[in-house]
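Worksheet: the structure to be examined is printed underneath.
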Amino acid sequence: MALDGWKEKLYQRYLSWICRPSRIERHLRAALPAPAQPALEVKQGLVRAAALQVELKLSKSPLYYADEMHRRVKEAVKEGVQLVVFPEYNNLPLLGLLPGFEKMEEAYRKKVKQSGVKDDNQKEEEISLAEVFRYMSPAVQPLVHTVFSCLSAVYGLHIMAGSYTLADNGNVINRSFLYGPTGLRIGSQDKVHLLPVETEWNIKRGRSFSVYDTPLGSLALPVCMDATYFETFRILEQKGADIVLLPIANLEEYNYWLALRGIWPRVQESQLYGIKSALVGTIAGLKFTGRAGIFAPLEITPNRDGILAEVEPYDREAIAIADLDLEALHKLRSAHPWRDSNPVLYRRYFPELYS
Amino acid sequence: MRVSAITMAGLRLNDLDYYRSDLAALIKSSGASLLVLPAYSALMLGLEVGALVPAHDFGSSLQQYIKNHSSWNNRFMDLHSTLAHDLNIHLVAGTLVEIESGRHYHSAYCFNPAGEICCSQRQTHLTRSERESGFSRGEGLNIFTLNGLKTGLVIGNDARHPEVGRIFALRGAGLILYSGASEAGFNCWPQAAGMWAQVQQNQFWSVEAQLSGAISGKFFGAPSAVLGPCEITPGKSGYLKRGYPQSAIVTAELDEKSRLKIKENYPLLKLLNPEAYSGINEGPVL
């Protein structure tokens, strides 16, 4: 079932109208401080960062969504941060813009609870999530850009806006965005490693990794599952990344060890800073859990445990704040006790194994 | 398959007959068909029985061993070959230092129940101090079949380099036998960043044997463990069994069907995206 009937097209136009940048910007400007605050300088190589844990709440209005993002940024600004990181699937709250979504969500939640088994007729009637994301994309993309461009410019911050499922040249991608303190979009990253369920949703995977040089150091923004693979962080390390910003939305019951398998070991293997922001809560029977945190090589964390800051709850809103010492990181890397490289070994096996 | 990791704690090391009988008793009580000894087993045993000359510190004792390795290495290998045969087990004898063409390597050997060498492995990634001590890197990773499972040996610092586990896993390894030696102290996090992380991202089993004891004033002690993918271990911890630094032996049963099932349900290696891995052959930036 496609979303291309006249009613759907009409509603799509309406969505774009209510999400139009001028309306969002006007709304935000009324609440934002004026004039804009200058970007905080990086002093003595120290970067203060915030990893947000965002609780999923449906937004029935784009203005509410903008207010929610603003509220979380303000919370971080109070802590004197220069860098704020939002989670994966930061567009899910915007499903609330769809008329009747709450009722659909409730019905779906019951269905999942009851059996999870669908008959063939149901499957034909169902609209894939990728189709919904594609449908909403013309409205969501400018909305997101306007919100984070305004917030980063007014507060003089670097903001990793989280990741969004958006239409791109006929495909749907899961893309994270980075904004700089002038409000410009500095960069983006398509998720390279997809979950099986994302492949079922017809999301297209990214083909390369990018690193962006900023006054806060070199930043990279891979997405969630990308941290399951050491290759991601090794390549980012080779490209000069200092800080990896990782938005996640983990679809599983919280377990300490399962949660440990992502960014924490990758930071230890590649000797970088890692900032994990998490989406938590339930939507359409899907439960997301996680603990946002800021991670570093063991040797430069106070308890030698690789953790600079980590929120306590795994299912509620929270914020983790830490200072990242880039000089200490570079010093550690230059004289590391156990790091080694064996390109002869890698060239012997990898070309064939990865072919 | 029942597997055990030995720490050397509690073994009488000052006499080879005692060592042999203590090890045999441990194996019999565990019921394991595979036993893994920790790194530096040859150095520790050689010093304790007086076959090697001790020096004032670990590094100097190691250098003495390198100079006079030949006859002790032969005795050490014969001893463990006989043990594997007599006990009817696969036995990874821990590690020794071997020299070839003037280069020295940190190596491990596995003996089969016939007492034959079924696999050898050289450490492929060196610590800074190992490089400064003149060690060379191995340039290959060898696989052998053990009870139907493709198996590889991993030594020391290789546990902290994920390239090693990935190469083994992509070549089909389902079991990694790890001989390690970590300095005593608070080391649960370095351990988790090592073999635990490799097991989770490659979904193989690992038997991790960590050395317990002192060599020329340097103290070693970390928990030995048997590891598997989180989903099929108690509390989803990734540990089938985990000892204490002073535990003599850690034993667990590997349920291969459950591992294959988790690999099927959550096929991590099939979700790799090599198109994005340009440059991976160059490895870490030093």
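The values are calculated or read from the model by the stated rules, or taken from the named source; none is laboratory data. Predicted model only: the values in this text are computed from it and were never measured. Here Cβ is always computed from backbone atoms with ideal geometry, including for glycine, and neighbour counts include all displayed protein chains. Quick note on the areas: whole protein, heavy atoms, side chains included, nothing else; ligands and nucleic acids left out. Shrake-Rupley method; radii C 1.70, N 1.55, O 1.52, S 1.80 Å.
Details
- Net charge in the neighbourhood of A:E269 (other residues with Cβ under 9 Å of its Cβ; Lys, Arg +1, Asp, Glu -1) is +2.
- Shape call, chain A: gyration tensor on alpha carbons, a/c limit 1.5: oblate
- For chain A, share of DSSP beta bridges that run antiparallel, in % to the nearest 5: 65 percent
- Highest mean packing comes first when the peptides A:92-100, B:1-9, A:73-81 are listed by Cβ atoms within 10 Å, giving B:1-9, A:92-100, A:73-81.
- Rounded FRET efficiency, nearest 0.05, which uses the C-beta distance separating A:T199 from B:D255 and R0 of 41 Å: 0.90
- Proximal lysines relative to B:K241, as straight alpha-carbon distance under 21 Å, when same-chain residues fewer than 8 apart are discounted: B:K28, B:K257, B:K261, B:K263
- For the stretch A:6-353: relative contact order, % (alpha-carbon pairs under 8 angstrom, 6 or more apart): 20 percent
- When chains B and A come together, the accessible area they lose, probed at 1.4 Å and totalled over both chains, is close to 5300 Å².
- Part-to-part distance (alpha-carbon centres) for the stretch A:190-242 and the stretch B:157-180, which is given in Å: 23 Å
- Cα long-axis angle, helix B:69-87 against chain B (0 to 90 degrees, to the nearest 10): 60 degrees
- Sequence-distant residues sharing a close amide H with B:H104 (under 5 Å, placed H): B:S136
- Net charge, B:M195 excluded, C-beta distance under 10 Å - Lys, Arg +1, Asp, Glu -1: -1
- Its DSSP H runs of at least 4 residues, each contributing -39,500 (n - 2.57), put the calculated 222 nm mean residue ellipticity of the protein assembly as shown at -10000 deg cm²/dmol, to the nearest 500.
- Fraction of beta bridges assigned by DSSP in the protein assembly as shown that are antiparallel (%, nearest 5): 65 percent
- Derived scalar couplings ³J(HN,Hα) [the stretch B:209-223; Karplus, 6.51 cos²θ - 1.76 cosθ + 1.60; whole Hz; x for Gly, Pro]: 9, 10, 6, 10, x, 10, 10, 6, x, 9, 9, 10, x, 8, x
- Short-range pairs are left out: with C-alpha atoms under 8 Å and at least six residues apart, the relative contact order of chain B is 20 percent.
- Sequence-ordered 3J(HN,Hα) estimates for the stretch A:190-196 from the Karplus curve with 6.51, -1.76 and 1.60 and θ = phi - 60° stand at 7, 4, 8, 10, 9, 5, x Hz, glycine and proline given as x.
- B:P54 sits among other residues whose Cβ lies under 14 Å from its own Cβ, and their net charge, with Lys and Arg +1 and Asp and Glu -1, is 0.
- Cβ-derived FRET efficiency at R0 41 Å, A:L353 paired with B:Q63, nearest 0.05: 0.65
- Pairwise FRET efficiency - B:K218 versus B:D17, Cβ, R0 = 25 Å, nearest 0.05: 0.40
- Gaussian network model of chain B, springs between alpha carbon atoms under 10 Å - residue of B:A209, B:A248, B:A192 with greatest fluctuation: B:A192
- Whether the stretch B:40-153 is rounded, prolate or oblate, judged on the alpha carbon gyration tensor where a/c under 1.5 counts as rounded: oblate
- Label point distance in nm, B:Q246-A:E252, each placed 7 Å from Cα along Cα→Cβ: 3.6 nm
- Alpha carbon centroid spacing (whole Å) that separates the stretch B:203-277 from the stretch A:1-64: 44 Å
- Backbone phi angles across the stretch A:66-80, fed through the Karplus curve with coefficients 6.51, -1.76 and 1.60 (θ = phi - 60°), yield HN-Hα couplings of 4, 5, 5, 5, 5, 4, 5, 5, 4, 4, 6, 4, 4, 8, x Hz in residue order; Gly and Pro are listed as x.
- Quotient of Cα Rg and 2.2 N^0.38 Å for the protein assembly as shown, N being how many residues it contains: 1.06
- Overall, the accessible surface of the protein assembly as shown at a probe of 1.4 angstrom is composed of carbon and sulfur to the extent of 50 percent.
- Label separation (B:E100 vs B:N74): 1.9 nm, computed from points 7 Å beyond Cα along the C-beta direction.
- Backbone amide hydrogens, once placed in the peptide plane, bring B:G94 within less than 5 Å of B:L37, B:Y109, excluding anything fewer than 5 places away on its chain.
- Amide H contacts of A:W338 (H built 1.01 Å from N, under 5 Å, at least 5 apart or other chain): B:R128
- For the stretch B:2-270: Kirkwood Rh in Å [reciprocal of mean 1/r, alpha carbons]: 18.3 Å
- When only Cα pairs below 8 angstrom with a gap of at least 6 residues are kept, the stretch A:209-355 shows a relative contact order of 17 percent.
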